[in-house]
Structures are given as C-alpha cells and as structure tokens.
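Have a look at the structure below before the remarks.
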Amino acid sequence: MSQDRKQKNRTNEKGFRKTAKSILQYYLKYPNKTLNHKQLGTALQYTNAKEKQHLIKVLSRLAADDSLIEVSPGKFKLNMEKNMLVGTIDFTSSGAAYVIVEGLENDIYIPKGETKNALQNDLVQLVVHKTSKGRKPEGSIVKVIQRNRMQYVGVLQIIADRKYGFVVVEGKSMPVDIYISKENLNHAQNGDKVVCNVVGWPEDADSPFGEITRVLGKPGEHDVEIHAILAEYGLPAAFPKEVEDEAHNLDTSITADEIARRRDMRDVPTFTIDPKDAKDFDDALSFRTLENGNYEIGVHIADVAHYVKPGTLLDEEAYKRATSVYLVDRVVPMLPEVLSNFACSLRPNEDKYTFSAVFEMNHKAKIIKSWFGRTVTHSDRRFAYEEAQEIIEGAEGDMKNEILALDKLAKILRKERLKDGAISFDRLEVKFNLDAEGNPINVYFKESKDANKLIEEFMLLANKKVSEFVSLNKKGNPNDKTFIYRIHDDPDPEKLASLKQFINQFGYGLELGDRKKTTASINKLLHDVKGKGEENMIETLTLRSMSKAIYSTENIGHYGLAFEYYSHFTSPIRRYPDVIAHRLLQHYLDGGKSVDKETYEDKCEHCSQRERLAADAERDSIKYMQVKFMDKHVGEEFEGVITGVTEWGIYVELPQCRAEGLVRLRDIHGDHYVFDQKNYAIVGQSSGKTYQLGSEVRVKIVRADLEKKQLDFELIE
C-alpha cells in the first residue's frame, strides 16, 4: 500500500472516531431515544451532503459492531449493554480522570469535561469510545450510581454581598468548588473553614450544590485544622450520648459467678509493656516455669466481647468506627473511655476478664501444648517500653527473670520467622513532644527495640496460633469454618522489578526468585540502607512494592509475615476485627457450626475500608504537625534528600523531622529543566545538570502552609 493511501486511511479512521464519539455522546443525553440520520444530522449540525453521507456510514459501522441497535430501517438507538461499564472514578490534578473497572486490565481514561457530575471515588456508569489500535481506552461518564461521600471540608468564599458563596476544597477529592446559596450559609463568614454536605448537582449546573453544616473556625489554627482532618475523613469527635449512657450503665464488676466460668490465672506473674503515655492496655504476658522445666507463657487479651454484645448500641458504634484513630495530639477511640481506659484495659493491680492463648514452651521456643479460652487475670506490673528495655540491656528491675526469659524466646521466634521468609520492616515512627496548646516543641523518632520486639513476637504467635486452631482439624488439615483472617498477598512482580531497577542506581541489588530468596534479599536491602541518606526513600519504595494487608474470610496467608494462617486477635480495644475473632473463637470452642461466610466477608470489607481511612487521617495529622514544626524555620536552609520527582517539581525530605517539601520546576533558575521519567530525574536542557531521586540537595524553606499541610522549598545551588 502506498504512503499516500496509508495516510488517507488514517485520516478516514480519525474522522470516523470523532464522529462516532459525537454520536454516542448525543445518545447518552437521550439514552432511550430512537433517531434517524436526519435527526442526528440536525442535532450535530451536519449540514452539507458530504457530512450527511459520512454520518450514514458511521451509523452503519456503529450498528455493525453493536454499539447501536437498528430498530427499524434507518432508525437507531443506543445499545446500553454493549457500551456501558461500571467502575470507580479517580481524578487527576488536571480535572481528567480514570475509571477503575474490576476485571479490566487497563483503566478507562476520562478527558476533562467528560466526567459529568462525578466526584472522587464515586461508583459511576460510563460509555467507552472506540480508539485506534494501541491507544488506551477512553470513555465518558453517563451517570453516578453511588456517591462515595457527601461531606467535604473547605474554605468558604462569599460572593456578591453574602448572596451566595463557594466552598473551595483542597486536593482532588472535589474537582470543582461547591456552590452555597444564601439560605444554606448557616451564619458562616467569608474565609471560614467549614464542613458542608453536597445536597445535589442539577444537570445544567457547573458545580454541585451544598449546605454548610458546621463552622470549624479560621484556617491555620491548631484545633481548626485537627477538627478539619476529623471531618474530612468522617471521624466522629465524640460518642453519641446514648452510646455513652449504655457504656456507663454496664456492670463492670468482677463477679464470683463469672470467675467460676473461666480459667483463673490471677496467681501467675503477669505484666504489661506499652508506650509510656498509653492508657488502653489490650494485652498482657504471664510467665512461669513448670515442674518439667518448660515454660508456661500466657498471652492475655482484654475480653472486650464480654462487655460489647451484638445488637447493642455500643456494638453498632464500635463496628461503625471499626478502629481507633491515633492523631498526633489525640485519640479517636473505637470504644467509650469507661471501657477503653478502665473496664477493659489491663491496668496494674486489678482483676480483669481476659481471652487468652496459653502456651507450654521449651527453652528452644518450641510449643509443646496450646490452650485457648476465657480467663481472669491480674497484672502485677505495668512497664513502659523504656523500662523493659533497660532491664534487657542489663539494669536491675522488677520481674527481671521473666523479662529476660521472654526476650530470649522472642529472639528465637523472630529468627525462625525471618528464616521462613518474613520481611523485617523496622521503620522509624515520627513523634512529637507537644506543649499544653498542642504546639510541637520538638520531634523525635520512635525506634523498635528488643522490648518492642518481645511484645510483637508473642502477639504474632497468639494471632497465628488462634488462626490455626480455628482453621485446622486435629490432623492439621483445613476445615470449612468461617473465620476472619488478616491476609497479605504476594507483591506484584512488575513492582519488584521496577524497585530492583531503581535501587541499582545506588549500588544495591535485589534477587528475585522464590518467596524465601526474594524476602531474604529484601531483608538484606533494608539492612544495608540503615543509616544512609536514602534509607527512608528506599524503605518507602520497598513498602509500596508490597501488596496491602486486608481482612478477609478467604485465607491466602500473610506474605510479609510468612504465615500460612494469621488473624488479628490481640487488640480488641482498638480494632473491631479482633472482637469478631474473639466471638468466633468462643463460638467454635462451644461447638458451634460454621457461620455465614458472606455476612462476615461484608464485615471484613468494612473493617479494611475503615482501616485505610484511619491510616490516611493519621498521615495527614503527622504532615500537619511537621509543617507546623517547620513553620518557625521559614527562611532557614537545610540539607535534604530528593524523595520524589514529577513533571512539576522535586520533593525533598529533611532528615531532621522527615518533613517533605516541594521545589517547583518553575522556581529553579539558571536553566530550563524537564522531567526525565525513565531515570526519575529532572535535567537542565543547557547545562545537562541532573537532579535525581536520592540526590542530596540544599534547600531554603520559603513557605509553610498549615491549611494545605505543605512546605515550599527553594533550591540553593
């Protein structure tokens, strides 16, 4: 075929796609109409004979591939089944979007202007347009099936002498401003940070209509910004009165009748190890040496299910929240304080109802015997992690023999886990010391030491063994009992390959093979980057290459822990899935039959979604406090590491507080820099100077925006 002929065919195909898209978009406005070519020609303003002839040809092709149905000669209607898909919409910063459709390999691109009245994460119905071979599919939104959320937080801008206003929402969660009529301002003033509900989006309106439900205050003030984070994620600031009343009316006494129904372990030496500022103590350990020389180790967990019964207001509220949320200056608890900090909390020198996993273990940490059931315990001592760590490092202290014996066993358990293919992510947590007003005085990093790992190993052991106990019969074969698992899928091979390619630039390697070879190589990488400038960046990228752990009734094991069976059992004060695990374990201990899987899968999905939301809120609160901490350093210069490279700039992290800020491309002077996506870099077009992911740079803080939780940097040559 000649070059001219090929060019003509390409031009014709392009013309077909353009006309086909116009036709389908018109039908989407009137999906039930039957139209002929004359009616369509008038609607699309195809006036001359050549355009009309072209229109007839396109209609025939659309009917031939079932995009349209020819209901009678020359009359067509939209084939709804052929064209429609359903998925979740994800907006980009430009206003365009992608729709993620389950089962489709590629997301559907939605150009700006084709998103109709959809908002971030809405469930939408869309039509897919024909594209040329090799191009990614494109579509248009037809309608919103289900709103992801109705409540938004933003700043009110009042227009035209208080007649109406708009709420401006930061980020891509709301791609347009929300229109607020005069009647729906509810006494809010210009510039206030507010909470508003979307009440509708008329077909002919450019913006959704909203109603202000709460005025938070002036942007930038501490309490205003923290309450904005709570409102942004739909987190309640307090419990409903009826829930508090129900909690206060509970009988929280320890009775002789209830003790008689439990294993009494109050005479066994028992203690807790928690953060020094903790108030809710979920778990305790007991330890004693048996006559045969073996150890009896009890992992005792607060028996929340004893107090929180199905069908009560307490249970409904706990399920709705599904998790406690730990912001930098406060906790949003899953349970009212009378339970979380008092009745359920395993406080020292108090008898408590507990649910326990009790193990007989030899000195090599091999389990000889296990027992699971309800107990009553008495904590003899409350340790902060720092106190227990001092004892492990040689200091004298209470229960020294017990702590040292448990530490030795924990180290054996950890070594075996890593040998089996577990991944060791010992990430530093950013923490703040705050003054009475909630302002950050200083920042520090919480490091996981032996005392933390002691508790972690025995909690992991209990979680694993409870899961195995429910899921396996006496011969060790799987049974059909429905249970709630904490699962972690294998990582995406493409993400691991990308990680391997990236770290090669820093002189690190990654061996990809079977599970043990891969995880051993990942552990070596995490060990090798310790203390290096690129440590946090490579740890973050490695973490992102992993799948996300979720709750499910379908057990596929836990990749990161290298456990075939794993559930959450040890934190019922702050996690609802643990409450479910307690109830199901007791149900099966009582000889109950398997429960309905579908019902519990719905609970798993809800708990996973709430956990993601809580993690996002916690991250936002840390970012806010980092920006607030650095606000007093505006104008000062710092050394940093490039942790992100984009087409609009580079992100630089300051090691002192792990705060990240943006250097915009347009603000880098002396050359024109362009984004080199392949090499994670920006490159000067004249000088060839390169700023790459992982490079060390010097920056000056030029702006700290508390409202946007954003630092702006200037690059210092």
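The values are calculated or read from the model by the stated rules, or taken from the named source; none is laboratory data. Please read these numbers as outputs of a predicted model, since none were measured by experiment. Cβ atoms come from the backbone with ideal geometry, glycine included; neighbour counts cover every protein chain shown. Side chains are part of the model used for accessible areas, which takes the heavy atoms of the whole protein and leaves out ligands, DNA and RNA. Shrake-Rupley method; radii C 1.70, N 1.55, O 1.52, S 1.80 Å.
Given Cβ point charges of +1 (Lys, Arg) and -1 (Asp, Glu) and nothing else, what value in debye, to the nearest 20, does the dipole of region 333-401 about its Cα centre take?
500
Going by alpha carbons, how many degrees (0 to 90, nearest 10) lie between the helix axis of 535-545 and the longest principal axis of the chain?
Once rounded, one gets 70 degrees.
If you roll a 1.4 Å probe over the chain with all protein chains in place, what percent of the accessible area is carbon or sulfur?
Roughly 47 percent of what the probe reaches on the chain is carbon or sulfur.
Largest first, what is the accessible-area ranking of ARG703, ARG486, ARG698 with a 1.4 Å probe? List each step's numbers first, then the result.
Details: ARG703 120, ARG486 25, ARG698 85 Å².
Output order, biggest surface exposure first: ARG703, ARG698, ARG486.
Have a look at the DSSP beta bridges in the chain and tell me what percent are antiparallel, nearest 5.
In the chain, DSSP labels about 90 percent of beta bridges as antiparallel.
Take the residue pairs LYS449/LYS516; LYS57/LYS136; LYS352/LYS548 and return only those whose Cα atoms are more than 27 Å apart.
Values: LYS449/LYS516 25 Å; LYS57/LYS136 25 Å; LYS352/LYS548 35 Å.
Flagged as over cut-off: LYS352/LYS548.
What number comes out for accessible area per residue over the chain if the probe is 1.4 Å? Units Å², please.
50
Mind checking the dipole of the chain: about its Cα centre, +1 per Lys or Arg Cβ, -1 per Asp or Glu Cβ, Debye to the nearest 20?
Using only the charged Cβ atoms, the result is roughly 3700 debye.
Taking the chain as the reference, fit the longest principal axis to its C-alpha atoms, fit the long axis of helix 493-503 to the helix C-alpha atoms, and give the angle between the two in degrees, 0 to 90, nearest 10.
Tilt relative to the chain: about 80 degrees.
Hey, got the dipole for region 632-717? About the Cα centre, +1 on K and R Cβ, -1 on D and E Cβ, debye to the nearest 20?
For this selection, approximately 140 debye.
Once the Cα atoms of helix 3-29 and of the chain are each reduced to a long axis, what angle between those two axes, in degrees from 0 to 90 to the nearest 10, is obtained?
Tilt of helix 3-29: around 70 degrees.
Applying the Karplus parametrisation 6.51 cos²θ - 1.76 cosθ + 1.60 with θ = phi - 60° to the phi angles of region 401-408, what ³J(HN,Hα) value in whole Hz is obtained for each residue in order, glycine and proline being reported as x?
Calculated HN-Hα couplings, in order: 4, 5, 5, 5, 5, 5, 4, 4 Hz.
Quote the accessible area belonging to GLU637 in square angstrom, nearest 10, computed with a 1.4 Å probe and with ligands, DNA and RNA left uncounted.
Here the residue's solvent-accessible area equals roughly 80 Å².
Put +1 on the Cβ of every Lys and Arg and -1 on every Asp and Glu Cβ in the chain; which of VAL443, VAL86, PHE425 then has its Cα farthest towards the positive end of the dipole?
Highest projection toward the positive end goes to VAL86.
Using the scaling law 2.2 N^0.38 Å as the reference, what is the normalised Cα Rg of region 394-453?
On the way: Rg = 16.7 Å, N = 60, 2.2 N^0.38 = 10.4 Å.
For region 394-453, the normalised Cα radius of gyration comes out at 1.60.
For region 140-179, what is the relative contact order in percent, using Cα pairs closer than 8 Å and at least 6 residues apart in sequence? Before the final figure, lay out each step's value.
Details: 35 pairs, mean separation 11.0, N = 40.
The normalised contact order for region 140-179 reaches 27 percent.
Using the C-alpha atoms of region 169-259, what convex hull volume per residue, in cubic angstrom, is computed?
With only Cα atoms used, region 169-259 gives 184 Å³ per residue.
In Å, the Kirkwood hydrodynamic radius of region 409-557 over pairs of distinct alpha carbons?
Values: mean 1/r = 0.0554 Å⁻¹.
About 18.0 Å for region 409-557.
Tell me, what HN-Hα J-couplings in whole Hz come from the Karplus equation 6.51 cos²θ - 1.76 cosθ + 1.60 at θ = phi - 60° for each residue of region 333-340, using x for Gly and Pro?
Karplus-based 3J(HN,Hα) across region 333-340 equals x, 6, 10, x, 4, 4, 9, 5 Hz.
Hand me the chymotrypsin sites (Phe, Trp or Tyr not before Pro) from region 616-717 located in a DSSP loop with no more than 14 other Cβ atoms within 10 Å, in residue order please.
Numbers: sites: TYR624, PHE629, PHE638, TRP648, TYR651, TYR673, PHE675, TYR680, TYR691, PHE713; in loops: TRP648, TYR680.
Filter output for region 616-717: TRP648.
List the lysines whose Cα sits under 26 Å from the Cα of LYS52, skipping any in the same chain fewer than 8 residues away.
LYS6, LYS8, LYS14, LYS18, LYS21, LYS29, LYS33, LYS38, LYS75, LYS77, LYS82, LYS130
Residue separation times 0.36 nm, minus the C-alpha to C-alpha distance between SER72 and GLU258: what's the value?
This chain segment gains 59.2 nm when fully extended.
Sequence-distant or interchain residues sharing an amide H contact under 5 Å with PHE713, placed H: which?
The answer is LEU662, VAL663, ARG664, VAL702.
Let me check against my output: what whole-number percent is the relative contact order of the chain, with C-alpha pairs under 8 Å and at least 6 apart?
Numbers: 1332 pairs, mean separation 60.0, N = 717.
This gives 8 percent for the chain.
Sequence gap at least 6, Cα distance under 8 Å: using those rules, report the relative contact order of region 382-518 to the nearest whole percent.
19
Which residue, GLY560, TYR179, THR19, has the largest displacement toward the positive end of the dipole of the chain when charges sit on each Cβ (Lys, Arg +1; Asp, Glu -1)?
THR19
Among ASN249, GLY210, MET265, whose Cα sits farthest toward the positive end of the charge dipole of region 205-268 (+1 at Cβ of Lys/Arg, -1 at Cβ of Asp/Glu, about the Cα centre)?
Going by the charge dipole, the pick is MET265.
Using helices alone, I'd like the mean residue ellipticity at 222 nm for the chain: each DSSP H run of four-plus residues gives -39500 (n - 2.57), total over residue count, nearest 500.
-10000 deg cm²/dmol
Any chance you could list the semi-axes, whole Å, largest first, of the equivalent ellipsoid that the Cα gyration tensor gives for region 508-617, using √(5λ)? Don't skip to the end; give the middle numbers.
Details: eigenvalues 234, 58, 29 Å².
One finds semi-axes of 34, 17, 12 Å for region 508-617.
For a distance above 19 Å, tell me the whole-number percent of Cα pairs in region 338-445 that qualify.
69
What are the ³J(HN,Hα) values, in whole Hz, obtained from phi via the Karplus relation 6.51 cos²θ - 1.76 cosθ + 1.60 with θ = phi - 60°, for each residue of region 655-667 in sequence order, with x given for Gly and Pro?
Once rounded to whole Hz, the list reads x, 4, 9, 6, 6, 10, x, 10, 10, 6, 4, 5, 9.
Using the basic label-point model (7 angstrom from Cα toward the beta carbon), what is the ASN504 to GLU105 distance in nanometres?
Result: 2.4 nm between the two label points.
I'd like the FRET efficiency for ARG266 and ASP616, computed as 1/(1 + (r/R0)^6) with the beta carbon distance as r and R0 of 35 Å, rounded to 0.05.
Using R0 = 35 Å, I get an efficiency of 0.25.
Going Cα to Cα from LYS464, which lysines come in below 18 Å? Please leave out same-chain ones fewer than 8 positions away.
LYS366, LYS369, LYS411, LYS415, LYS419, LYS453, LYS474, LYS475, LYS481
Could you list which residues have their amide H under 5 Å from that of THR482, counting only those 5 or more apart in sequence or on another chain, with H placed in the peptide plane?
For THR482, the qualifying residues are VAL595.
Taking 2.2 N^0.38 Å as the expected size of a compact globular protein, what ratio does the Cα radius of gyration of the chain give against it, to two decimals? Please list the in-between numbers first.
Values: Rg = 30.1 Å, N = 717, 2.2 N^0.38 = 26.8 Å.
Rg over 2.2 N^0.38 Å, computed on Cα atoms: 1.13.
Using amide H atoms built 1.01 Å from N in the peptide plane, name the residues 5+ places from LEU68, or on other chains, whose amide H lies under 5 Å from its own.
Amide H neighbours of LEU68, under 5 Å, 5+ apart: ALA63, ASN79.
Let me check something: with ligands and nucleic acids excluded, how do TYR576, TYR508, TYR295 order by accessible area (1.4 Å probe), largest to smallest?
I get TYR295, TYR508, TYR576, largest accessible area first.
At 1.4 Å probe size, what's the solvent-accessible area of MET80? Round to the nearest 10 Å².
We get 70 Å² for MET80.
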